[in-house]
Amino acid sequence: MTPKRIEHFLTVLARELRRPARAYVTGAAAAALWGRVRPSVDVDLGIELASRSADRGGEWQVVETAVERTTRLTGIPANVAEDIDRWGMITLLDYQRTSRRYRRFQRLDVRLLHPANWSIGKLTRYLDSDIRDVTAVFRSKNVSAATAARTWGRALRASPASTTQLQFRRNVEHFFTHHGRPIWGREFEPAGAIRAFERAAAIRRVSARRAT
């Protein structure tokens, strides 16, 4: 998915919506707009209409119709939700507040998630393609290890209890251990980043003596 194709999709979507709205782009599409281009067949985004009424179902039907027509006209499928935080078991935290404006397409205000918030979904799924995306975006956007550790820890702490939490923690530890130095240099210490992550997540380590 190239930036040109994504912008074409957003241009058509703005025209089809015909009303003020805000879009939060995430997933591989956000990475592409940051300059990380890899094969991707769809666009992931959240949409908030500027004006809201008591008829929430009717409002969302407007969005659904616009997305359906846009997909038909562009040939680009899309995954769209009112709140993309509900897509995963690990919260994206305050992704609306920390998002950054990309540009306006008519009355559609398009924003990209902050790279650290965006990476939460990538660390949750943790496929090889997700690891490559995070590595490339963190390098290009100069995301510090401290920011990543703090954001991932806060996300884990704020998420509802689930078995996904343990897997997310393991993914974070693996990422810092095996992919940290290619991003932050040979002086990067994975153990320190993991401790910062654990502090933000309020994880208390059990000593070997107490465990026995």
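In the stretch 118-203, taking the dipole from charged Cβ atoms about the Cα centre, the farthest positive-side position among Ala158, Leu123, Ala148 is held by Ala158. Each Lys and Arg Cβ is given +1 and each Asp and Glu Cβ -1; about its Cα centre, the chain then shows a dipole of about 700 debye. Couplings 3J(HN,Hα) of the stretch 178-188, computed from phi: 9, 10, x, 5, x, 8, 9, x, 5, 7, 5 Hz, in residue order, whole Hz [Karplus 6.51 cos²θ - 1.76 cosθ + 1.60, θ = phi - 60°; x for Gly and Pro].
Applying Stokes-Einstein at 37 °C and 0.692 mPa s to the Kirkwood radius of the stretch 117-211, computed over alpha-carbon pairs, gives a translational diffusion coefficient of 242 µm² s⁻¹. Scaling against 2.2 N^0.38 Å puts the C-alpha radius of gyration of the chain at 1.11. Multiplying the residue separation of Asn79 and Asp94 by 0.36 nm and removing their Cα-Cα distance gives an extension gain of 3.4 nm. The string of couplings for the stretch 133-142 from the Karplus curve (6.51, -1.76, 1.60, θ = phi - 60°) is 4, 4, 4, 5, 5, 4, 5, 6, 9, 6 Hz, one whole number per residue in order, with x for Gly and Pro. Taking 0.36 nm per residue of sequence separation and removing the Cα-Cα distance, the Glu64/Ser129 pair yields an extension gain of 20.5 nm.
A Förster radius of 45 Å, combined with the Cβ-Cβ distance separating Ser140 from Arg204, puts the computed FRET efficiency at roughly 0.80.
Rounded to the nearest 20, the size of the Cβ-charge dipole of the stretch 3-114 about its Cα centre is 560 debye, with Lys and Arg at +1 and Asp and Glu at -1.
Between Asp133, Asp83, Asp44, the residue with the greatest mean-square fluctuation in the GNM of the chain (Cα pairs under 10 Å linked by springs) is Asp83.
A cut-off of 5 Å between modelled amide H atoms, ignoring neighbours fewer than 5 places along the same chain, links Ser159 with Thr91. Shown here is the pair-distance distribution of the stretch 10-109: with all Cα-Cα distances grouped in 10 Å bins from zero up to the longest one, the shares run 14, 48, 34, 4, 0 percent.
Each reported figure results from applying straightforward, stated rules to the coordinates on display, with no laboratory input. The model shown is predicted, which means the values in this text are computed figures rather than measured ones. Please note: Cβ atoms are built from the backbone with ideal geometry, for glycine as well, and neighbour counts cover all protein chains shown.
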